[in-house]
1. Would you be able to say whether some residue in the range 241-259 is in contact with a Phe, Trp or Tyr (Cβ under 6 Å, 6 or more places away or on another chain), under 24 Å from Ser146 (Cβ atoms), modelled with pLDDT of 95 or more and of a type outside the set (A, V, I, L, M, F, W, C)?
2. Suppose we filter Gly256, Gly252 for residues that are among the small types (Gly, Ala, Ser) and more than 20 Å from Gln153 (Cα to Cα); which single one remains?
3. Which pairs turn up if I take residues in the range 91-102 that are open to solvent by 10 Å² or more (accessible area, probe 1.4 Å) and look for partners that are of a type in the set (D, E, K, R) and part of a loop (DSSP other than H, G, I, E, B) with beta carbon separation below 6 Å, at least 6 apart in sequence or on another chain?
4. Can you find a residue that is open to solvent by less than 20 Å² (accessible area, probe 1.4 Å) and within 17 Å of Leu139 (Cβ to Cβ) anywhere in the range 242-250?
5. If I ask for residues that are in a loop (DSSP other than H, G, I, E, B) and open to solvent by less than 80 Å² (accessible area, probe 1.4 Å), which ones from the range 153-165 would you list?
6. State all residues of the range 138-152 that are touching a helix residue (DSSP H, G or I) at 6+ places or on another chain (Cβ under 8 Å) and either open to solvent by 70 Å² or more (accessible area, probe 1.4 Å) or of a type in the set (Asp, Glu) (or both); if no residue qualifies, say none.
7. Just to be sure, is Arg250 outside any helix (DSSP H, G or I) and over 20 Å from Arg279 (Cβ atoms)?
8. Cβ-Cβ below 7 Å, separation at least six or inter-chain, first residue in the range 262-281 and free of Cβ contacts under 8 Å to residues at least 60 places away in the same chain and farther than 22 Å from Asn163 by Cα, second buried (at least 17 other Cβ atoms within 10 Å of the Cβ) and hydroxyl-bearing (Ser, Thr, Tyr): which pairs?
Amino acid sequence: MDPKVWSNIFADSSKPRTKPLGADQRLLILQKFQGKLELGLIFEIFAREVEKQIDVSRMVWAYEETTSLIRRGQATPHRQTFVLRFGDNELGKLQYATPYPLDKDEISLLHTYHRLFAGPLANAIEYRRVKNMALRDYLSGLGNRSSFEQDIQHAIAMSERRNVGLVLMMFDLDNFKQVNDKYGHLDGDKVIRRFSSLLKQAVRSSDRCYRIGGDEFAVLLQPATDQSAMHVSERVDQLMQEDPTLRNLRIGVSIGFAGYQKGDTSTTLVDRTDRQLYRHKRAR
């Protein structure tokens, strides 16, 4: 073979696949992050920047107890995981799946991207934490009424657009007032925490639980049918019977549920569920 051809082949194989980021490029990337606090948005900006230089098939972010798929491509045998940090704070792990093993230049480039991304990511995580606190009931750890009112609107909209089944369940504790009056609020608080924990165990991780009043709770099941609600009801009853705290204090629960019907608003769906709950309560 012609020596010039061999020379070109070796030159191509040794040529770096990436280029280091210049100062102007780094500044431009930081400007794109500026003022952005939603995690989904900053990850989209980050992924697009990385993909300009590295062929990423799949990207996964693991933080605390949640895993988020940033890029949903096909998994490959070539995976590289990085720990993201900002100062002394760990911001989770980011795993890349690529069609080929990353070389040292690509790994170095990713470290540069991570340093640029760390500050905006830390801000977005803190923003989410504060936002979640505003939508979280401090005693039960469940969503509060504001969270419920937001989520039921979104759930109804999804049912309308995609024809996905939605069931609203409501729960009202029996004998709770008597426990509060007889034993005091500390035992009453213990009951709220125990029931909240059991309620989360009784539903899927994708279902959403709320404390909407003193001893009133709600769950949004989606996708779901009436059969799904029956299963949750049975599971709640079983868990309450097995729980020594609730059993000893003779805490029971009245349950109502209703499925979304075309044309429902949040008000009509809540009203229908509420009526069934109080029929159940009167029958006990």
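1. The initial filter retains those residues of the range 241-259 that are in contact with a Phe, Trp or Tyr (Cβ under 6 Å, 6 or more places away or on another chain), namely 253, 255.
Remaining after also requiring under 24 Å from Ser146 (Cβ atoms): 253, 255.
From the residues that got through so far, the ones that are modelled with pLDDT of 95 or more too are 253, 255.
Keeping just the survivors that are of a type outside the set (A, V, I, L, M, F, W, C) gives none.
No, the range 241-259 has no match at all.
2. Details: Gly256 fails: more than 20 Å from Gln153 (Cα to Cα).
Exactly one of Gly256, Gly252 is among the small types (Gly, Ala, Ser) and more than 20 Å from Gln153 (Cα to Cα), namely Gly252.
3. Pro99/Asp55
4. Taking the range 242-250 and keeping what is open to solvent by less than 20 Å² (accessible area, probe 1.4 Å), we get 243, 246.
Narrowing further to those that are within 17 Å of Leu139 (Cβ to Cβ): 246.
Scanning the range 242-250 turns up at least one residue that is open to solvent by less than 20 Å² (accessible area, probe 1.4 Å) and within 17 Å of Leu139 (Cβ to Cβ).
5. Of the range 153-165, the ones in a loop (DSSP other than H, G, I, E, B) are 163-165.
Across the range 153-165, the qualifying residues are Val164, Gly165.
6. From the range 138-152, those touching a helix residue (DSSP H, G or I) at 6+ places or on another chain (Cβ under 8 Å) are 139-143, 146, 149, 152; that's our starting set.
Result: Glu149, single match.
7. On the way: outside any helix (DSSP H, G or I): yes; over 20 Å from Arg279 (Cβ atoms): yes.
Yes.
8. His280/Ser254
The values are calculated or read from the model by the stated rules, or taken from the named source; none is laboratory data. These numbers come from a predicted model, not from an experiment. Glycine also receives a Cβ, built like all others from the backbone with ideal geometry; neighbour counts cover every protein chain displayed. For accessibility, only protein heavy atoms count, side chains too; no ligands or nucleic acids. Shrake-Rupley method; radii C 1.70, N 1.55, O 1.52, S 1.80 Å.
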